[in-house]
Amino acid sequence: MKLWGGRFRKEENKLMEDFNSSLHVDQRLYAEDIKGSIAHVNMLMHSGLLTQQEGEEIVKGLISILEDIEAGALPIDGNFEDIHSFVEANLTERIGSTAKKLHTARSRNDQVAVDIRLYAKRKAQEVIQAIEDLKQSLQDKARENNVIMPGYTHLQRAQVVTFQHHLLAYDQMLKRDKQRVENAIEIMNESPLGCGALAGTTHTIDRDMTAEELGFAKPVDNFLDGVSDRDYLLELMSGFSILMMHLSRLSEELILWSSQEFRFIQIDDAYSTGSSIMPQKKNPDAAELIRGKTGRVYGSLTSLLTTMKGLPLAYNKDMQEDKEPFFDALDTVLSCLAIMSRMIATMKVNHENMKRAVKEGFLNATEVADYLVSKGVAFRDAHSIVGSIVIYCEDHQKAIEELTLEELKQISSFIDDDIYAFIDYPSILNKGIKVGLLR
Ligand code: ARG
């Protein structure tokens, strides 16, 4: 059953066989593996390395394997080293000795490289779609909730913003996350098929033909590079890590906002869970899990970076360890995006609590300073005057806008009756470039 048994005098140790096998992981490459083989066979026929009849027989056999796997009639298991061995063994079982010609002018090294690039390209498109879905949820929720809320720095109330503007900050982050995934797709869009084990082949094959059939922009320029680098997976996983960092920050805010301390939002029951002992509890588990799984994606990136860092050219078996972290990061990112999108779409926003929170914490103090500047006071002096106003307010348990004109004038004679309109929260957002907060 071994693809390479010829030069061995002894059977492989059973423990070693299990240790070496990657079938339980790389089986998800089956469709790409078969697609890559079909392109290879079409090219071999075209180049005269297989007769038309041989080629057609092999392609027919490969298609029947694909159909059976997809119909559930051919489970991917058994004592095979990897998905490549599994497919080839099945082909031999189905069509006999012609199957032995499939691997002409090919190595598993270029085969696995083309499989994983095809798979990564396809799944990266799914990630892009999932990012777009989340962007849509954020934009819809933002549009429906153009309400004022406290903006924070250091988690201390700072200045008034809108909930819309706050959500759209994440929309911008996701726009860049999407660009990073698109860049990664572009970088991996070259076909390694035909690189052979590391040194090409003495056969006159047509790498442009297979590259085109498989949807790559061109074949890779260097054989050694084509079979030995996994930087395109690292590129994607770096993008995934940054994306998860953004989702984690958003999760953190959802967790804070849904707490009794904030009560700015309510996460839908469908995305919350309860406590086995405290009957009143409703916990933001979905957001917490996204925050938690972020570490897992960083771990996958670090894992593959570490695997690759000391490898001489070209292929080394270490690289078989690329798949588990990549698949795990990919699955995690896709599920987190889907959950986040639904959680945002279904959450309720408590406008009244946000408005109330704006009134406490002197969120218009900076605008009082701006007002004084408009009356000719230097900003640094204005800053200091407003500091005194805030101390006065704290002593008298009042907001700035609740002080009488006499009280205000006692602190600064530059203040007039027009201050109240100037520092009124909704009108603050209509001044200067702050109108951008309303978009
Ligand atoms: N299962 C292998 C991997 O994923 C396929 C390539 C095997 N190549 C080899 N020379 N043993 O990397």
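Before moving on, here are some points about what is shown:
- Residue among 407, 401 that is under 18 Å from residue 149 (Cβ atoms) and surrounded by 14 or more Cβ atoms within 10 Å (Cβ to Cβ): 401
- In a residue-by-residue description of segment 116-126, the property of being without any contact (Cβ under 8 Å) to a residue 12 or more places away in the chain, part of a helix (DSSP H, G or I) and not aromatic (Phe, Trp, Tyr) applies to no position.
- Members of segment 345-357 that are in a helix (DSSP H, G or I) and surrounded by fewer than 21 Cβ atoms within 10 Å (Cβ to Cβ): 345, 346, 351, 352, 353, 355, 356, 357
- Condition met for residue 278 (free of Cβ contacts under 8 Å to residues at least 40 places away in the same chain, farther than 30 Å from residue 146 by Cα, assigned by TED's automatic domain parsing to the domain that holds residue 116 and not hydroxyl-bearing (Ser, Thr, Tyr)): yes
- Looking at 18, 77, 82, just one residue is touching a Ser or Thr at 6+ places or on another chain (Cβ under 6 Å), outside the structural domain of residue 314 (by TED's automatic domain parsing), within 23 Å of residue 325 (Cα to Cα) and not hydrophobic (A, V, I, L, M, F, W, C), and that residue is 82.
- In segment 314-358, residue nearest to the ligand (Cβ to nearest atom) [restricted to those that are of a type in the set (Ser, Thr, Tyr) and within 19 Å of residue 284 (Cα to Cα)]: 332
- Subset tally (residues that are polar (S, T, N, Q), in a loop (DSSP other than H, G, I, E, B) and within 33 Å of the chain's Cα centre (by Cα)) for segment 53-88: 0
- Some residue of segment 153-176 being in the same structural domain as residue 224 (by TED's automatic domain parsing), of a type in the set (A, V, I, L, M) and within 16 Å of the ligand (Cβ to nearest atom): no
- Condition met for residue 200 (under 16 Å from residue 113 (Cβ atoms), of a type outside the set (A, V, I, L, M, F, W, C) and modelled with pLDDT of 95 or more): yes
- Contact annotation: residue pairs with Cβ atoms under 8 Å, 6 or more positions apart or on different chains, pairing a residue in segment 311-329 that is free of Cβ contacts under 8 Å to residues at least 60 places away in the same chain and more than 17 Å from residue 117 (Cα to Cα) with a partner that is away from the ligand (no atom under 12 Å from the Cβ) and in a helix (DSSP H, G or I), are 318/308.
- Selected residue (criterion: surrounded by the most Cβ atoms within 10 Å (Cβ to Cβ)) from residues of segment 234-271 that are in a helix (DSSP H, G or I) and polar (S, T, N, Q): 251
Matching residues to (1) touching a helix residue (DSSP H, G or I) at 6+ places or on another chain (Cβ under 7 Å); (2) over 25 Å from residue 356 (Cβ atoms):
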{"residue": "248", "(1), (2)": "yes, yes"}
{"residue": "259", "(1), (2)": "no, no"}
{"residue": "262", "(1), (2)": "yes, no"}
{"residue": "268", "(1), (2)": "yes, no"}
{"residue": "277", "(1), (2)": "no, yes"}
{"residue": "283", "(1), (2)": "no, no"}
{"residue": "286", "(1), (2)": "yes, yes"}
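- Test: residue 311 is at pLDDT 95 or above, within 16 Å of the ligand (Cβ to nearest atom) and touching a Ser or Thr at 6+ places or on another chain (Cβ under 9 Å): yes
- Output for segment 178-211, where each listed residue is outside any helix (DSSP H, G or I) and touching a strand residue (DSSP E or B) at 6+ places or on another chain (Cβ under 9 Å): 189, 190, 191, 192, 193, 194, 195
- Within segment 137-183, the residues that satisfy the criterion of being touching a residue at least 24 places away in the same chain (Cβ under 8 Å) and polar (S, T, N, Q) are 137, 139, 145, 146, 156, 159, 162, 164, 183.
- Taking the numbered list (1) loosely packed, with under 14 Cβ neighbours inside 10 Å; (2) touching a residue at least 60 places away in the same chain (Cβ under 8 Å); (3) not small (Gly, Ala, Ser) in turn, residue 26 passes all entries but (1).
- Contacts under 6 angstrom Cβ, first residue in segment 249-271 being within 15 Å of residue 285 (Cβ to Cβ), partner exposed (fewer than 15 other Cβ atoms within 10 Å of the Cβ), 6 or more apart: 266/348
The values are calculated or read from the model by the stated rules, or taken from the named source; none is laboratory data. What you see is a predicted model, and the numbers here were worked out from it, not measured in a lab. Cβ sites come from the backbone with ideal geometry, for glycine too, and all protein chains shown count toward neighbours.
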